[in-house]
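Inspection log for the structure reproduced underneath, given as structure tokens.
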Amino acid sequence: MKVFVALSIRSLLVAAMLFAVLGKADAQPFDGQSVFPLPDQPVTPVGPSAEERMKWFADAKLGIFIHWGIYAVNGIDESWAFYNELVSYDDYMKQLNGFTAAAYDPAAWVSLIKESGAWYAVLTSKHHDGVALWDTRLSRLNAVDTTPAQRDLVKPFVKELRRSGLKVGLYYSLLDWSHPDYPNQTKSIKRYSDDPERWARFTAFNHGQIEELGKEFRPDLYWFDGDWEQNAEKWRAEEIRKMILDRNPSAIINSRLAGYGDYGTPEQGLPSSRPADKYWELCMTINDSWGYQGNDKNFKSPSQVVRIFAECIGMGGNLLLDIGPKADGTIPAEQVAVLKEMGRWTSKHRQAIYGTVAGMSDGHFAGPSTLSPDSTMLYLFFPGNGGGELMLEGVKNRIHKAFVVGNGTNLEVKEYLRPWWSSHAGVYFIKVPEEALDKTMTVIGVSLHGKLVTE
């Protein structure tokens, strides 16, 4: 193994020297071939602990996912359309000619994302189709060289995120169904089954592009995908993780790096109970599609999204809410409306959201809840659309006061069924007048005497 690695490194060094001489300027129109230089790997510095790296993520609660690529031109499934042979590969790639980004305004995107209350955003730098949105030097299959956009689409977005104080996340597909040295192209077309030389070329390319992202954009979060087609050894996942953390010791990585990530990423389905991962994030679409599909009108309402969001944070997780811009860079009006209502709601209830921890387990309150970090403040998320009483059971603490988050209205609290001779908790009823309700979801703050104790 050591001999093989040494030989591979010598080969890659030769390739890197050749690339430095030829340069991208002399490249021919994309023919499926690429040059694969050796990623430079700096000396590993002493980095922060896992808890320190994950702190901002745990506090952030809300992120915005952005699936943007050539698949928006015809409004078809991103990459999967040709992989599942619903369209031919050639017809899919013809969409390159329509990807204009003519109305792309990264400052407006970031303004909307920040307004939504999100603390981070994740952009698809390259999906499974292999089309890179940045000016990669390793392939001509990118927005600069092969689309009418003719520019790096990642760089200005990252710049605006940094300017706005938001964390930068970049999605990157480990698999690449367009690459001539990747084994699979579609579900029935396989380029090869076992060819170590071709696979070595592909992994060199893959690692080279990941290193480009690190050098050019220094992401706070790497959101990998596609790891299911190979195992960790084949991906050289441990090397990828080391390469990322060598360059940016504070970076975090999602779970889709074949076991070498930092947090779980359930997709679309809301967990019915708290996941086993200490840190986790539900990635979810607003309608049924990740990328733009004009015929998909099955949009979730703002109130439905808020309720799902509340369930996530109540279980100690985040929501990564997806939008799919059109090929020209405009964001569908239905998605804009959801993000704006999210912004109104998160701004009003920020004390119950950001920096909180998971709330009570099931059985204490008929809805999600969160806690302040010191566990002395309990927040109850109430989706009711009429006034009434909330019931809180199994809480041993005395309640100092209860109030409506966002307007400060003090609420009447009564306790029953706490006999003087017993240590068992009673039942609290908190009366909420109809005029104090939020139109989407009301949040009740409960100030406790001491740290929360339940039974």
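Here, each number is a calculation from the coordinates, and none is a lab measurement. This is a predicted model, so every value here is computed, not measured. Heads up, the Cβs are rebuilt from the backbone with ideal geometry, glycines too, and the neighbour counts pull from every protein chain shown.
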Please give the helix 2-22 orientation as an angle from the longest Cα principal axis of the chain, in degrees from 0 to 90, rounded to the nearest 10.
-> 80
If you stretched the chain out fully between residue 103 and residue 59, how much longer would it get, using 0.36 nm times the residue separation minus the C-alpha to C-alpha distance?
-> 12.5 nm
Between their Cα atoms, which of 55/167; 94/300; 61/414 are more than 22 Å away from each other?
-> 94/300; 61/414
Compute the distance in nm between two label points, each set 7 Å from the Cα along the Cα-to-Cβ direction, one at residue 434 and one at residue 400.
-> 3.3
What is the calculated FRET efficiency for residue 197 to residue 163, with r their C-beta to C-beta distance and R₀ = 41 Å, to the nearest 0.05?
-> 0.35
Between helix 333-348 and the chain: long-axis angle, C-alpha atoms, 0 to 90°, nearest 10 | 50
Under 13 Å Cα-Cα from residue 348, which aspartates and glutamates qualify once same-chain neighbours fewer than 8 residues away are excluded?
-> 115, 438
Count the net charge of all other residues whose Cβ sits under 13 Å from the Cβ of residue 412, scoring Lys and Arg as +1 and Asp and Glu as -1.
-> +1
Taking the simple approach of a point 7 Å from Cα along Cα-to-Cβ for both residue 407 and residue 351, what is their distance in nm?
-> 1.6
Quotient of Cα radius of gyration and Kirkwood radius for the chain, i.e. Rg/Rh, equals 1.04
Which trypsin sites (Lys or Arg not before Pro) does region 210-302 hold that lie in a coil by DSSP with at most 13 other beta carbons within 10 Å?
-> 278, 297
In deg cm²/dmol and to the nearest 500, what is the mean residue ellipticity at 222 nm of the chain if only DSSP H runs of at least 4 residues count, each as -39500 (n - 2.57), divided by the residue total?
-> -9000 deg cm²/dmol
Of all DSSP beta bridges in the chain, what percent run antiparallel (nearest 5)?
-> 50
What's the FRET efficiency of residue 242 with residue 277 using the Cβ-Cβ distance as r and R₀ = 30 Å, to the nearest 0.05?
-> 0.90
Length released on extending from residue 155 to residue 295, taking residue separation times 0.36 nm less the Cα-Cα span | 47.4 nm
The helix 302-314 Cα axis meets the longest alpha-carbon principal axis of the chain at an angle in degrees, between 0 and 90 and rounded to 10, of 80
Between residue 231 and residue 268, what is the spin-label point distance in nm, taking each point 7 Å from the Cα along the Cα→C-beta axis?
-> 2.8
